[in-house]
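Comments concern the structure below.
The values are calculated or read from the model by the stated rules, or taken from the named source; none is laboratory data. In this text, all values refer to a predicted model and were calculated from it rather than measured experimentally. Neighbour counts run over all protein chains shown; Cβ positions are idealised from the backbone, glycine included.
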Amino acid sequence: MPRAIVEVRDLHKSFTRGSETIDVLQGLTLDVGEGEFLALMGPSGSGKTTLLNLIAGLDRPTAGTISVGENVISDMSESELARWRTRHVGFVFQFYYLLPVLTAYENVELPLLLLPLTKEQRRKQVETALDLVGLTNRMDHRPGQLSGGQQQRVGIARAMVTDPTLIVADEPTGDLDTKSADEILRLMEILRAQLNKTIIMVTHDPKAAARAQRILHLEKGQLVLDTAAVGV
Ligand SMILES: Nc1ncnc2c1ncn2[C@@H]1O[C@H](COP(=O)(O)OP(=O)(O)O)[C@@H](O)[C@H]1O
Ligand SMILES: [Mg+2]
């Protein structure tokens, strides 16, 4: 495996609901290589989203450490984490979460507004991202004027426009038909192969997972299987 860019060590995450404590992650250790495309599978409720959110710095561990690149993100304060996320993580969601009043261009530009860039620098990056996902001719369309597959392509452009260290995708094909899902997976492969992006993708679909280089299976808060994807 290439140099690890994500290092998770003895990770624990518990949630408290009333008097009940749920130990969702129970001592999980894993590495993700730089430029690796990793799929995360497991039954509903097994903690996939919880793990992804911890690695992406959206939530803090109960115990254990997480490093991404040079940064030990499990040591960061909330405000340090927020700043780190802006620069280092691109997010792709199942239901896209595009802002309906903004055009495709403006949705993709959004994460760049948090960075110290000129309008002209932003324009270059947005156009490059929209070109990569094949939506240059739709940049003035609002999400409501786009198909689900096209909206998710805008979602991918938005995730990669900041040139992040890590792209995390939670069920990115979960709401798409087979053909659109295939386009999204092909884009993930392009991001990895051509831009050397590190991608962690949660999916229920074994066919989608098989497009990754490695599949990790979560069950009852533990890593139960770590396999090379077949069929690649
Ligand atoms: N913020 C939260 N508060 C309380 N319980 C949570 C919270 N987030 C997740 N959980 C619980 O943690 C478990 C794992 O959830 P999740 O990571 O979303 O699973 P998956 O993505 O694998 O379906 C579930 O039992 C869920 O109810
Ligand atoms: Mg989930």
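Restricting T21, T50 to those that are more than 16 Å from ligand 2 (Cβ to nearest atom) and either under 23 Å from L113 (Cβ atoms) or not hydrophobic (A, V, I, L, M, F, W, C) (or both) reduces the list to T21.
Pairing residues of the stretch 161-174 that are more than 13 Å from A212 (Cβ to Cβ) and charged (D, E, K, R) with residues that are more than 16 Å from ligand 1 (Cβ to nearest atom) and modelled with pLDDT of 95 or more, at Cβ distances under 8 Å and at least 6 apart in sequence or on separate chains, gives D163/Q125.
Tell me which strands (runs of 3 or more DSSP E) are completely within the stretch 33-124 and hold 2 or more residues being polar (S, T, N, Q) and either touching a strand residue (DSSP E or B) at 6+ places or on another chain (Cβ under 9 Å) or at pLDDT 95 or above (or both), or say none if there are none.
Working: elements: 37-41, 63-68, 89-92.
Counting at least 2 such residues, we get 63-68.
Look at the stretch 217-230: where a residue is within 20 Å of K13 (Cβ to Cβ) and within 16 Å of ligand 2 (Cβ to nearest atom) and a partner is modelled with pLDDT of 85 or more and outside any strand (DSSP E or B), sitting 6+ places away or on another chain with Cβ atoms under 6 Å, you get H217/G42; L218/G42; L218/S46; L218/G47; L218/K48; E219/G42; E219/S46; G221/G47. In the set T29, T21, only one residue is hydroxyl-bearing (S, T, Y) and under 24 Å from L166 (Cα atoms); that residue is T29. You will find that of G33, G144, G45, G134, the residue that is within 16 Å of ligand 2 (Cβ to nearest atom), small (G, A, S) and either surrounded by fewer than 17 Cβ atoms within 10 Å (Cβ to Cβ) or over 18 Å from the mean Cα position of the chain (by Cα) (or both) is G45 and no other. Among the residues making up the stretch 89-108, a single one is without any contact (Cβ under 8 Å) to a residue 40 or more places away in the chain and either of a type in the set (D, E) or on the phi > 0 side of the Ramachandran plot (or both): E106. Residues considered: L28, L40. Of these, the only one that is over 16 Å from the mean Cα position of the chain (by Cα), within 16 Å of ligand 2 (Cβ to nearest atom), in contact (Cβ under 8 Å) with a residue 60 or more places away in the chain and surrounded by 21 or more Cβ atoms within 10 Å (Cβ to Cβ) is L28. Just for the stretch 178-227: of the residues that are in contact with a Ser or Thr (Cβ under 8 Å, 6 or more places away or on another chain) and among the polar types (S, T, N, Q), which one is nearest to D31 (Cα to Cα)? Here the answer is T198.
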